[in-house]
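Have a look at the structure below before the remarks.
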Amino acid sequence: MERTTLEVIAPSVEEAIARGMEQLAVPREMIEVDILDEGSKGFLGIGGRQVRVRLTLKTDEASPKPDSAPQTESAPDGLSGDAILDFSIRTTGELLAKMKIKARITAKYGEPDGDGDVPVLIDIHGDDLSVLIGRRAETLNALQYILALIVSKEANRWAQVIVDVEGYRARRERQLRQLARRMAEQAVRTGKRQLLEPMSAAERRIVHLELRGHESVTTESIGDEPNRKVSIVLKK
């Protein structure tokens with residue numbers, strides 16, 4: 001059976017892996033990573049080349065056997081659910097302190113996904129936290145990835161961590177869903193392909209899911225990272 005692979009181009013290996021994990025919607029232990037091009041920084045930051053990695057989904061034999069679905073009341077290896085949440089809040093606070101950012105932090109468990117995995121939801125509230133979001137949410141996604149690594153190490157298994165700042169992700173998701181429907185209507189009305197702005201793998205996935213059951217259009221991702229975008233076309 002052919003194994004699922006994905007090539008990702010990004011400024012760093014860590015970011016490439018994070019983007020690939022989002023697009024494949026699998027934890028780190030479910031993928032094998034091959035660095036195809038380590039990239040280069042160029043001279044004084046000019047003429048640099050981004051890294052390129054290939055992510056391959058492990059076969060059933062190579063993949064770790066899943067544990068029973070975790071419960072919100074408890075976490076792996078005897079750590080209580082509250083302990084993981086407290087650790088997540090404390091670690092987030094330490095990272096923000098190093099960035100000299102003051103904020104209120106809360107954490108809770110989200111709804112289980114299709115595999116029964118329960119994500120840790122971290123919410124950050126405060127004044128003027130736009131610096132934590134960054135262009136195309138790059139800073140927010142980087143913070144989320146770092147926290148996922150730290151929390152996973154503490155839990156001794158991969159833990160899905162979702163970080164939000166002042167409800168940004170929820171607002172952005174609503175905007176993307178509305179945009180997807182509006183551009184689908186435009187594609188039907190004009191009969192022409194509609195191209196959306198470049199987005200992260202996670203944001204493209206929202207658009208794909210929103211239009212997955214549309215009766216008249218279909219979607220595909222085109223282009224290379226970091227300028228990969230969603231194309232909306234009429235069904236043949």
One quarter of the C-alpha convex hull surface, i.e. the mean projected area of segment 146-236 in nm², amounts to 7.5
State log₁₀ I(q)/I(0) for segment 133-183 at q = 0.15, 0.26, 0.27 Å⁻¹ as given by the Debye formula over alpha-carbon point scatterers of equal weight, solvent excluded. -0.52, -0.94, -0.96
So if R0 is 30 Å, what FRET efficiency would E14 and T106 give, r being the distance between their Cβ atoms, rounded to the nearest 0.05? 0.70
What size of dipole, in debye to the nearest 20, comes out for segment 91-144 about its Cα centre when the only charges are +1 on Lys and Arg C-beta atoms and -1 on Asp and Glu C-beta atoms? 420
Quick check for you: which residues of segment 191-227 have the amide N under 13 Å from the point 7 Å beyond the Cα of R177 toward its beta carbon? 206-212
What's the exposure ranking of R135, R182, going from fewest to most Cβ atoms within 10 Å? R135, R182
Cross-link list K100/K153; K100/K229; K102/K229; K108/K153; K192/K235: which exceed 23 angstrom alpha carbon to alpha carbon? K100/K153; K100/K229; K102/K229
Does anything in segment 198-216 have its amide N under 17 Å from the 7 Å Cα→Cβ label point of L234, and if so which residues? 214-216
Mean 1/r over all different Cα pairs, inverted: what Kirkwood radius does segment 76-166 give, in Å? 13.4
Quick one: length gained pulling N156 to L36 fully straight, 0.36 nm per residue minus the C-alpha distance? 40.3 nm
When you count, for each residue, the other Cβ atoms within 10 Å and take the mean per peptide, how do 97-106, 161-170 rank with the highest first? 161-170, 97-106
Place a +1 charge on the Cβ of each Lys and Arg in segment 107-236 and a -1 charge on the Cβ of each Asp and Glu, then give the dipole magnitude about the Cα centre in debye, rounded to the nearest 20. 780
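No lab work stands behind these numbers, since they all come straight from the coordinates. Given the structure is predicted, the values throughout are model-derived calculations rather than measurements. FYI the Cβ positions are ideal-geometry reconstructions off the backbone, even for glycines, and counts take in every protein chain you see.
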